[in-house]
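Report on the structure given below.
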Amino acid sequence: MPVFTIVFATMLLLSTSIKIYLDKRQIRHVSQNRSFIPSAFTGKIDPESHQKAADYTIAKTRLSLWHHLYDAVILALLTFGGGLLWIDHSIHQLGHGLITDAAFVMSVFLVLAVLDLPFNTYRIFAIENKFGFNHMKPGLFIRDLLIQGFITLVLGLPLVLIILWIMGRYQQTWWMTAWLTFIAFNLIVLAVYPIVIAPLFNRFKPLNDETLKTEIQALLERCQFKVNGLFIMDGSTRSSHGNAYFTGLGQSRRIVFFDTLINQLEPDEIIAVLAHELGHYKLHHVKKRIGLIFTISFFGFWLLANLMAHTWFFSGLGLSTPGNAEALVLFLLAGPIFFFPLTPIGSWYSRLHEYEADTYAIHQASGKKLVDSLVKLFRENASTLTPDPLYSLFYDSHPGAQARINHILTTDTTK
């Protein structure tokens with residue numbers, strides 16, 4: 001058995017075992033604290049809401065546990081089981097060239113998307129339904145899938161074709177050109193997303209609440225931040241979960257509120273949430289995260305260029321014929337397994353930004369209103385107040401509920 005096969009199998013087994021271990025810890029810890037409301041939420045979260053959040057978290061985590069096992073089996077079947085080899089041979093029976101290479105790449109990820117569909121369907125129509133969050137009808141679900149497939153074809157296929165053409169054209173230096181192309185592609189998508197892509201899924205209408213609009217404009221002026229519109233999105237057509245976000249680059253930059261969020265929070269609380277999101281921009285978190293992604297992708301393209309020069313990279317993962325398309329697929333499938341141990345670093349970095357954004361919001365709005373908004377959002381979204389510490393340390397992009405509230409209360413000197 002090739003050495004790289006053993007290395008990959010070991011990493012796959014190790015990463016899957018860690019994921020399952022963390023999921024089990026989360027389920028056990030949340031279950032044990034199902035009746036315990038942290039002191040920061042005493043009198044603010046009723047026992048029924050806390051228990052609902054615990055049950056919701058446990059249900060999602062159990063699904064995640066089985067999903068991890070399922071993904072590991074699928075990846076093993078594609079590599080060691082000859083699945084990729086079969087797809088490769090089937091596609092290239094039609095010919096050899098740029099088009100069939102791109103068809104191979106797209107076919108692999110189409111198969112993965114189809115295989116993942118049962119879990120996505122169960123999450124929405126079983127778990128989300130059970131806890132009263134799902135508003136999506138089967139027809140809308142199918143419509144979303146078709147639009148996602150269309151967007152993947154329109155955007156993904158040209159990108160794959162360009163990357164494969166660059167790999168064949170520039171030989172030793174292809175990875176640098178491909179990386180620059182990847183950057184340009186992502187920046188273009190970020191710019192056009194709110195104008196072209198997002199409206200394919202949701203309806204957006206201008207914010208008409210003049211009182212709220214006036215308060216938002218005052219906040220934007222205090223923060224010296226310009227946007228190209230304030231919009232409300234019909235998030236309630238799919239879910240009762242509430243959210244707000246910034247999107248776009250340059251002239252396409254806009255603020256979007258879920259209609260559910262508008263209904264859940266008071267105007268002052270919405271301002272506090274918005275101030276937090278503004279903090280991410282004013283403190284350059286968005287630029288830092290984009291820069292980090294581009295830095296990691298730079299290393300990724302360089303690593304792929306070096307790996308594909310060795311036949312053991314292909315044979316170790318079940319492909320007998322080296323090729324550009326095959327190398328790209330293998331790297332995209334195997335890469336996450338080897339980079340998985342770095343997950344806690346990314347989570348820590350994200351939590352650090354969340355603390356900083358909360359601090360910014362305290363100075364621009366109201367710490368008390370930010371706490372009030374978070375309490376409501378934790379309750380309405382059924383977010384657990386008692387996650388397992390190790391699970392949270394490993395995965396959570398946001399600080400735990402009590403830690404975050406305590407940070408705001410100790411930082412806010414105006415209360």
Output the DSSP H helices from the chain with an along-axis C-alpha extent of no less than 18 Å and a mean Kyte-Doolittle hydropathy no less than -0.5.
3-32, 47-79, 98-122, 138-151, 157-170, 174-192, 210-223, 267-282, 285-307, 324-339, 367-380
Quick one: what are the phi-derived ³J(HN,Hα) couplings along the range 227-236, Karplus 6.51/-1.76/1.60 with θ = phi - 60°, whole Hz, x for glycine and proline?
10, 9, x, 10, 10, 10, 10, 7, x, 5
Run the helix sum for the chain: -39,500 (n - 2.57) per DSSP H stretch of 4+ residues, divided by residue count, reported at 222 nm to the nearest 500 deg cm²/dmol.
-22500 deg cm²/dmol
Express in whole angstrom the spacing between the alpha-carbon centres of the range 360-409 and the range 208-264.
20
Over 15 Å, how big is the tail of the calculated P(r) for the range 1-51, in percent of all Cα pairs?
64
If you find the alpha carbon centre of the range 288-321 and of the range 88-126, how far apart are they in angstrom?
20
Once the mean of 1/r over all distinct C-alpha pairs in the range 109-231 is inverted, the Kirkwood radius in Å reads 18.6
What lysines does Lys288 reach when the alpha-carbon gap must be under 30 Å and sequence neighbours fewer than 8 apart in one chain are set aside?
Lys19, Lys213, Lys226, Lys368, Lys369, Lys376
On the Cα set of the range 210-267, report Rg and Dmax in Å, please.
12.1, 34
With r defined as the distance between the Cβ atoms of Thr100 and Ser35 and R0 fixed at 51 Å, what FRET efficiency is calculated, to the nearest 0.05?
0.30
Considering the chain, what Rg and Dmax in Å follow from its alpha-carbon atoms?
23.4, 71
Would you work out if the range 263-363 is rounded, prolate or oblate? Take a ≥ b ≥ c from the square roots of the eigenvalues of the alpha-carbon gyration tensor; rounded if a/c is under 1.5, else prolate when a/b is larger than b/c, oblate otherwise.
prolate
Dividing the convex hull volume of the Cα atoms of the range 340-415 by its residue count, what figure in Å³ per residue is obtained?
84
Can you work out ³J(HN,Hα) from phi for every residue in the range 128-137, in order, using Karplus 6.51 cos²θ - 1.76 cosθ + 1.60 and θ = phi - 60°, giving whole Hz and x for Gly and Pro?
4, 5, 4, 9, x, 9, 7, 10, 7, 8
Backbone N under 18 Å from the Arg28 label point (7 Å along Cα→Cβ), restricted to the range 51-89:
58-59, 61-66
From fewest to most C-beta neighbours within 10 Å, the residues Ser35, Ser64 line up as Ser35, Ser64
The correct pair for the range 34-155, radius of gyration to one decimal and Dmax as a whole number, both in Å and from Cα atoms, is 20.7, 68
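Any read-out appearing in this document is the output of simple, stated calculations on the displayed coordinates, not a laboratory observation. Everything numeric here is computed off the predicted structure, so don't read it as measured data. As a convention, Cβ positions derive from the backbone with ideal geometry for all residues, glycine included, and neighbour counts pool all protein chains shown.
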